[in-house]
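I have placed the structure first, in the form of structure tokens, so that the comments after it can refer back to it.
The values are calculated or read from the model by the stated rules, or taken from the named source; none is laboratory data. If you're wondering where the values come from, they're calculated on a predicted model, not measured in any experiment. With ideal geometry, Cβ positions are generated from the backbone for all residues, glycine too; neighbour counts draw on all protein chains shown. These accessible areas exclude ligands, DNA and RNA; they are computed on the full protein's heavy atoms, side chains included. Shrake-Rupley method; radii C 1.70, N 1.55, O 1.52, S 1.80 Å.
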Amino acid sequence: MNQIKKLFAVVLLMATAVSASAKELDYKPFPHMFVGIQGGAQTTWTNYDQLNLITPTASVYFGGWFTPVVGARLHVNGIWNKGGYDDQVVPDFTYKYKYVTTDLDLMLNLVTLFGKKDFYPLNVYLIGGIGLNTAWDNDDAYAQKVAMPMAWDGTRLSHNARVGAMPDINLAKHWSLNLEVSANSLSDRYNSKVNDK
């Protein structure tokens, strides 16, 4: 009787394993949600030396892929930035301020758009979005208001529009590594001066 129970248990386990692998074959990866964190560097395009304006940046985002080609995310980025002033009258100086930018981004997977499969180990995403930027702690620039009459005090809100690209390498089923390069368009007074950049 014990042999029959053991045989029955083995058959039951094998049936479960076959059933689980069959479900795995039927698995549809879309839609699905994702979350990510990023760290990197940024600069503001201005008439000051760009290398002196590089600051660290950090981001967190979450979103979803609705099809193999189309996804969307909420992206939050901040928190330090730097500006610079340079003219013949006042000695040049740099100033720091803080910000948080929140964007709603549309993401297109260019690999699956032109490919024949729903999944590739390397993907390239095209990103475009709009959002709101909040900046504060601009005391360094505001202290130089004589030289920089556009320097603001308190908190400043600005629109944000972004475009970018992100190559993404799948490391495992639930993990990937990516590099995002993006350009953001803010109000020209974001860095306390107007210089059409």
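Key figures for this structure:
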{"item": "Near pairs, Cβ below 8 angstrom, 6+ apart or cross-chain, from segment 123-140 (charged (D, E, K, R)) to any residue that is in a strand (DSSP E or B) and open to solvent by less than 30 Å² (accessible area, probe 1.4 Å)", "result": "D137/Y97; D140/Y95; D140/Y97"}
{"item": "Qualifying residues in segment 129-148 (those that are open to solvent by 70 Å² or more (accessible area, probe 1.4 Å) and among the aliphatic types (A, V, I, L, M)) - the one farthest from the chain's Cα centre (by Cα)", "result": "V146"}
{"item": "Residue count, segment 51-79 (criterion: of a type in the set (A, V, I, L, M) and open to solvent by less than 20 Å² (accessible area, probe 1.4 Å))", "result": "1"}
{"item": "Every pair of residues 6+ apart whose Cβ atoms lie under 7 Å, when the first sits in segment 160-174 and is under 20 Å from G39 (Cβ atoms) and hydroxyl-bearing (S, T, Y) while the second is open to solvent by less than 60 Å² (accessible area, probe 1.4 Å) and part of a strand (DSSP E or B)", "result": "none"}
{"item": "Y99 being modelled with pLDDT of 95 or more, more than 19 Å from G36 (Cα to Cα) and of a type in the set (S, T, Y)", "result": "yes"}
{"item": "Residue selected from segment 32-50 under the condition within 17 Å of V181 (Cα to Cα) and of a type in the set (A, V, I, L, M), by the criterion most open to solvent (accessible area, probe 1.4 Å)", "result": "I37"}
{"item": "Subset of segment 169-184 (residues that are more than 15 Å from the chain's Cα centre (by Cα) and open to solvent by less than 70 Å² (accessible area, probe 1.4 Å))", "result": "N170, A172"}
{"item": "Pair list, Cβ < 9 Å and 6+ apart or interchain, from segment 101-113 residues that are of a type outside the set (V, I, T) to residues that are open to solvent by 40 Å² or more (accessible area, probe 1.4 Å) and not in a strand (DSSP E or B)", "result": "N109/T67; N109/Y120"}
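For (1) open to solvent by 30 Å² or more (accessible area, probe 1.4 Å); (2) outside any strand (DSSP E or B); (3) not polar (S, T, N, Q), each residue gets a yes or a no:
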residue: N81; (1), (2), (3): no, no, no
residue: Y99; (1), (2), (3): no, no, yes
residue: L113; (1), (2), (3): yes, yes, yes
residue: Y125; (1), (2), (3): no, no, yes
residue: M150; (1), (2), (3): yes, yes, yes
residue: V163; (1), (2), (3): yes, no, yes
residue: V194; (1), (2), (3): yes, yes, yes
